[in-house]
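Taking it in order: structure first as structure tokens, then the write-up.
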Amino acid sequence: MNFKEALNIEDLHAVARRRLPRIAYEFLAGGVEEGVTLAANRAAFQRVRFLPRTLVDVSGRSQKTAVFDKSFDCPFGIAPTGAAGLYCFEADVALARAARRMNVPFVLSTASFVAMERVAREAGGTLWFQLYMSKDLGTAERLATRALEAGFEALVLTTDIPVAGNREYNRRNRFEVPFRLSAGNMLDGLLHPRWLAGVFLRTLAASGVPRFQNMDVNAGGRIISPTLTQFRMRREALNWEDFAWLRRLWPKKLLVKGILTVEDAQLAAQHGADGIFVSNHGGRQLDGAPAPIEVLPQIADAVGERLAVMADSGFRRGSDIVKALALGADMVFLGRAPLYGAAAGGEEGVVRALDILKLEVERVMALIGCDSIEKLGPEYLHFDDGPRVEAPPAVSEVRRMKAEG
Ligand SMILES: Cc1cc2nc3c(=O)[nH]c(=O)nc-3n(C[C@H](O)[C@H](O)[C@H](O)COP(=O)(O)O)c2cc1C
């Protein structure tokens, strides 16, 4: 099968899996530890079903979606993915171009292999920049200033990565940036000649060993392009005061990515955020975190009027997207789906992934009898009430009393 024959995102995933060496495939598809959250992200959708309305004229249906006063052709965008250049040649440009062609937003990762200025120049479209910030505020300031000058319209601060998630496959595969070639990885590369020639060697020839192009760290007064380990330093010390500092610095839209509780959503609003991403990082950080759509209704209820509420993690079907919108999300973002497309067919593969989802959203809207995104709400949904774990209401009070003896 090639990407043109793919009928759904899982078809693209299957092509990607065949084409990629293990080190790249596992970094893309993997979760953390037992994969509980990775699985929950998919399973949660099955517990929400549709209550379709019938004999509704849906011939004029539209999935146009407005976010921050801009109109997009679909209710979804492309989430930031670091090291995307492992999946096709200059994937950051390919993803951004595909997003522009489909008129959806693209979020460029701090950990991209193509510099943000080049992505802006060569792709255009609606570009947001995802920031990994450390306690070294000088680095954050330099990145934000570059993003502003390059014309990025929003900054997305990812906060669910105070320390790296436990991705054991990365350690087994010796995944590092800049890349180091081990005997195992070389052999695996040779077994995937299309990837080796079309992605790895092509990147090597064009710009050298793949490395992060946006990151820099202040190493004793010297600005250097860091290794992964260096960049992660001191991220765990961040707090809401640092966010407030960023708010004062960044004049455009500012979002927090990695919110899973009502309390944090409210703190984001209080500290001047314009939006949030309800996200568990695609099940790649804390194993055991809830699926976004399990917490989305309460969060949207609490802050939906004040903030733009985005959702990501686990979206593979148009029906998943429609469910999240009906539960209060303003827009859905996709991490792996476009990368499966990129690995299967470069920019055209990404367009294919987005087009599949667009068609699926349109079909679901017709089948539930809803002709516009604004009209979507929980009245279109039926909830399968499986067993739920509810914390006893006074749990924190009891803990405090115990601590006081
Ligand atoms: C390969 C890969 C790299 C990622 N890199 C980043 C990143 O650099 N910054 C970030 O905020 N999120 C990153 N994410 C998380 C995505 O932005 C998004 O939250 C997640 O992929 C959504 O889940 P999904 O892949 O099931 O759609 C990454 C995800 C993947 C799959």
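We did not get these values from a lab; they are worked out from the coordinates using the rules stated. Treat the numbers as computed from the prediction; the structure is a model and nothing was measured. Note: ideal-geometry Cβ built from the backbone for every residue, glycine included; neighbour counts use all protein chains shown.
Among VAL104, VAL278, VAL67, what is the fewest-to-most ranking by other Cβ atoms within 10 Å?
Numbers: VAL104 26, VAL278 29, VAL67 19.
Ranked by crowding around the Cβ, least crowded first: VAL67, VAL104, VAL278.
As an exercise, identify the trypsin sites (Lys or Arg not before Pro) in the stretch 1-88 lying in DSSP coil whose Cβ has no more than 15 other Cβ atoms within 10 Å. Don't skip to the end; give the middle numbers.
On the way: sites: LYS4, ARG17, ARG18, ARG19, ARG22, ARG42, ARG47, ARG49, ARG53, ARG61, LYS64, LYS70; in loops: ARG47, ARG53, ARG61, LYS64.
For trypsin sites (Lys or Arg not before Pro) across the stretch 1-88 that sit outside H, G, I, E and B with at most 15 neighbouring Cβ atoms in 10 Å, the list reads ARG47, ARG53, LYS64.
Which of the three applies to the chain, rounded, prolate or oblate, going by the alpha-carbon gyration tensor with a ≥ b ≥ c and a/c under 1.5 meaning rounded?
On the way: a/c = 1.43, a/b = 1.13, b/c = 1.27.
Judged from the Cα gyration tensor, the chain comes out rounded (a/c under 1.5).
Tell me, what HN-Hα J-couplings in whole Hz come from the Karplus equation 6.51 cos²θ - 1.76 cosθ + 1.60 at θ = phi - 60° for each residue of the stretch 330-341, using x for Gly and Pro?
Rounded to whole hertz, the list is 8, 7, 10, 10, 10, x, 6, 3, x, 6, 4, x.
Quick one: if the Förster radius is 60 Å, what FRET efficiency do LEU181 and ASP385 give, using the C-beta to C-beta distance and rounding to 0.05? Before the final figure, lay out the partial values.
Working: r = 52 Å, r/R0 = 0.86.
It comes out at approximately 0.70.
Using only the alpha-carbon atoms of the stretch 262-311 as identical scatterers, what base-10 log of I(q)/I(0) does the Debye formula give at q = 0.12, 0.18, 0.25, 0.30 Å⁻¹?
Relative scattering, expressed as log10 I(q)/I(0), comes to -0.24, -0.53, -0.92, -1.15.
How big is the gap, in Å, between the Cα center of the stretch 138-206 and the Cα center of the stretch 298-330?
If we compute the Cα centre of each part, the gap is 28 Å.
When only C-alpha pairs under 8 Å and at least 6 residues apart count, what is the relative contact order of the chain, in percent? Before the final figure, lay out the partial values.
Values: 803 pairs, mean separation 110.4, N = 405.
Contact order relative to length: 27 percent.
Place a +1 charge on the Cβ of each Lys and Arg in the chain and a -1 charge on the Cβ of each Asp and Glu, then give the dipole magnitude about the Cα centre in debye, rounded to the nearest 20. Mind showing how you got there, number by number?
Values: 51 positive and 48 negative charges, 235 e Å.
Computed about the Cα centre, the dipole is about 1120 debye.
Using the Cα centre of the chain as origin and beta-carbon charges of +1 (Lys, Arg) and -1 (Asp, Glu), tell me which of ALA197, LEU12, TRP128 is placed farthest towards the positive end of the dipole.
Selected residue: ALA197.
Using the structure shown, select from LYS64/LYS252; LYS4/LYS252; LYS4/LYS375; LYS4/LYS253; LYS257/LYS375 the pairs with a Cα to Cα distance greater than 31 angstrom.
Details: LYS64/LYS252 23 Å; LYS4/LYS252 38 Å; LYS4/LYS375 33 Å; LYS4/LYS253 36 Å; LYS257/LYS375 26 Å.
From the list (LYS64/LYS252; LYS4/LYS252; LYS4/LYS375; LYS4/LYS253; LYS257/LYS375), the Cα-Cα distance tops 31 Å for LYS4/LYS252; LYS4/LYS375; LYS4/LYS253.
Whole-Hz Karplus ³J(HN,Hα) for the stretch 270-278, in order, using 6.51 cos²θ - 1.76 cosθ + 1.60 and θ = phi - 60°, x for Gly and Pro?
Karplus-based 3J(HN,Hα) across the stretch 270-278 equals 4, 8, x, 5, 9, x, 9, 10, 7 Hz.
Pull out a ≥ b ≥ c, the square roots of the eigenvalues of the alpha-carbon gyration tensor of the stretch 1-138, then state rounded if a/c is under 1.5, prolate if not and a/b is larger than b/c, and oblate in the remaining case.
On the way: a/c = 1.55, a/b = 1.20, b/c = 1.29.
It comes out oblate by the Cα gyration axes.
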